[in-house]
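Take a look at the structure below.
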Ligand code: CTP
């Protein structure tokens with residue numbers, strides 16, 4: 001393994017270890033990713049048989065430039081940044097946890113003690129950084145074999161590992177999804193048994209793992225695993241509500257749980273944007289709440305896009321996701337997700353396309369990706385028709401955008417101009433006139449330029465009893 005330790009920091013660590021007469025090892029995700037030939041997110045975890053903090057200071061002193069060391073005395077850990085790498089140092093520990101707290105009781109330990117307390121066999125492998133055995137792999141739980149078998153398995157009895165830190169149940173699903181591994185059956189059973197313990201973990205940490213699952217190449221795998229183990233019901237019950245279908249008068253509807261997962265995978269295949277993936281997850285979230293059987297028509301989900309958009313903020317709040325422009329973007333896509341489809345099914349009029357461009361603004365391309373992903377029908381005739389009509393909508397969008405530039409459009413007449421022209425203070429009537437002008441442009445009743453809009457303002461003002469000053 002020695003030849004793979006190309007980062008110069010390893011050489012310095014070896015020197016310090018020799019001088020301090022200590023053993024030091026690189027451990028965890030870095031080793032796993034090295035063996036998988038996978039890009040690591042630039043994190044190196046070092047375990048020393050001694051004080052991690054003293055060791056880090058010695059390493060920092062030998063690195064080029066002034067490299068500051070951050071410590072966390074309570075945890076006995078230290079961290080430094082070197083050439084874009086985050087290097088963390090910790091003394092080998094034995095940890096035990098009390099039942100109702102994540103705060104461990106920590107004592108000094110051996111390397112094996114430290115490996116024992118790690119989450120998975122594939123994350124517990126260490127490489128020696130101490131001469132003369134630099135590069136030796138120390139793998140007491142046969143993590144190498146689990147990498148080959150593509151299995152997520154805990155080093156200890158899974159009930160102990162998960163009870164020590166229940167977040168690891170989410171991590172098991174996360175790694176299985178990211179790496180396309182299976183979870184060992186005994187481990188999966190233990191997750192089912194211990195799922196309820198997730199309640200002692202903060203929602204922020206759960207959501208970090210959840211977002212990594214959503215960010216994987218095929219996120220539905222993670223959702224299925226979370227569903228099978230009961231984790232999904234605990235953290236995101238609204239999503240589980242999408243499950244199932246009912247048949248009345250011989251008419252059923254699609255199972256929106258699996259439909260949504262297919263849409264999510266479709267989006268994931270074309271975009272890495274996490275928030276577009278969230279829009280896919282939430283696009284039909286209000287279907288259970290709006291579901292109705294109308295005799296003669298069948299199942300309807302009337303206004304589920306409006307109700308769904310309203311559900312975004314409480315869900316984001318609960319899951320501790322950001323309540324900022326990212327959330328507003330998801331709300332907007334959920335609200336508009338049916339529009340291109342409706343357009344595609346109907347006659348594609350200029351005014352409908354103009355309106356959509358105006359409302360979607362810069363997010364129109366993402367909206368089209370979402371709508372395309374929403375076509376999960378198994379009926380090839382239907383799919384062909386959708387795709388053809390979609391092509392028409394796309395062309396029309398391009399044509400109208402070139403002509404009218406409505407993407408980030410502001411109506412040519414401002415509220416200030418209306419107030420100035422008629423000598424009126426800020427009032428409801430200003431909004432009414434502005435709206436009428438916007439509507440007239442979107443409907444194509446007047447052209448999108450200042451002079452036409454100005455003329456309409458005078459006409460509408462007059463109708464409302466206003467006169468030009
Ligand atoms: N670890 C653990 N239990 C946790 C979190 C982490 O045992 N709840 C251990 C694992 O050995 C893990 C290492 O700490 O490999 C580093 O954790 P982290 O940086 O969170 O994960 P990585 O394995 O490095 O994976 P990734 O880089 O994908 O986050």
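General remarks:
- Efficiency of FRET from Cβ geometry, residue 289 and residue 375, R₀ 30 Å, rounded to 0.05: 0.80
- Note: relative contact order over region 415-463, using C-alpha pairs below 8 Å and six or more positions apart, is 32 percent.
- DSSP bridge pairs, the chain: antiparallel proportion in percent, nearest 5: 80 percent
- The long axis of helix 350-360 is offset from the longest Cα principal axis of the chain by roughly 40 degrees.
- The chain - percent relative contact order, Cα under 8 Å, separation 6 or more: 8 percent
- Length released on extending from residue 469 to residue 248, taking residue separation times 0.36 nm less the Cα-Cα span: 73.1 nm
- Compactness of the chain - radius of gyration and Dmax, Cα, Å: 29.3, 94
- Burial ordering of 192, 117, 407, fewest other beta-carbon atoms within 10 Å first: 192, 407, 117
- C-alpha long axis of helix 52-62 to longest principal axis of the chain, angle in °: 80 degrees
- Cα centroid separation - region 397-469 against region 142-211, whole Å: 58 Å
- Note on residue 202 and residue 228: their simple-model spin labels are 3.2 nm apart, each label 7 Å out from Cα toward Cβ.
- Compared with the dominant Cα axis of the chain, that is its longest principal axis, helix 203-214 is turned about 80°.
- For region 292-333: Kirkwood Rh in Å [reciprocal of mean 1/r, alpha carbons]: 11.7 Å
- Each listed q (0.17 Å⁻¹) maps to a log10 I(q)/I(0) for region 158-235, found by the Debye formula over equal Cα scatterers with no solvent: -0.54.
- A Stokes-Einstein calculation at 25 °C with viscosity 0.890 mPa s, built on the Kirkwood radius of region 45-193 over Cα pairs, returns a diffusion coefficient of 147 µm²/s.
- Based on C-alpha pairs under 8 angstrom that are at least 6 apart in sequence, region 212-259 has a relative contact order of 22 percent.
- At q = 0.17, 0.23 Å⁻¹ the log10 of I(q)/I(0) for region 144-190 amounts to -0.42, -0.77, computed by Debye summation with a single uniform scatterer per C-alpha, solvent ignored.
- Net length gained if the chain between residue 85 and residue 270 were fully extended (0.36 nm per residue, minus Cα distance): 63.7 nm
- Placing a label point 7 Å from the Cα of residue 20 along the Cα-to-Cβ direction, the residues of region 46-72 whose backbone N falls under 12 Å from that point are 46-62.
- Cα-only Debye scattering, region 415-463: base-10 log of I(q)/I(0) at q = 0.25, 0.26, 0.32 Å⁻¹: -0.91, -0.98, -1.31
Every number in this text was worked out from the coordinates using simple rules, so none of it is lab data. Note that the coordinates shown come from a computational prediction; the quantities given were computed from them, not determined experimentally. Cβ: placed from backbone, ideal geometry, glycine included. Neighbour counts: every protein chain shown.
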